[in-house]
Amino acid sequence: MKRDLKKLLFDIQEAGKAIQQFIQGKKLTDYEASDLLRSAV
């Protein structure tokens, strides 16, 4: 199965944007205390 490089790079970019939203305003202690946040990131 051949992968579409543009699609793959787009998915990586979108995942990075989502991670930025998930961690916005969070501190390390928030990350350490939250199973949900760690799973998302």
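Results, tabulated for the structure shown:
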| read-out | value |
| --- | --- |
| Residues within the range 1-16 that are outside any helix (DSSP H, G or I) and either within 25 Å of residue 41 (Cβ to Cβ) or within 11 Å of the chain's Cα centre (by Cα) (or both), tallied | 1 |
| Residue tally, condition in a helix (DSSP H, G or I) and exposed (fewer than 11 other Cβ atoms within 10 Å of the Cβ), over the range 19-32 | 5 |
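Bear in mind these aren't lab numbers, they're just calculated from the coordinates by the rules spelled out. This one's a predicted model, so the numbers in the text were calculated from it and none came from an experiment. Heads up, the Cβs are rebuilt from the backbone with ideal geometry, glycines too, and the neighbour counts pull from every protein chain shown.
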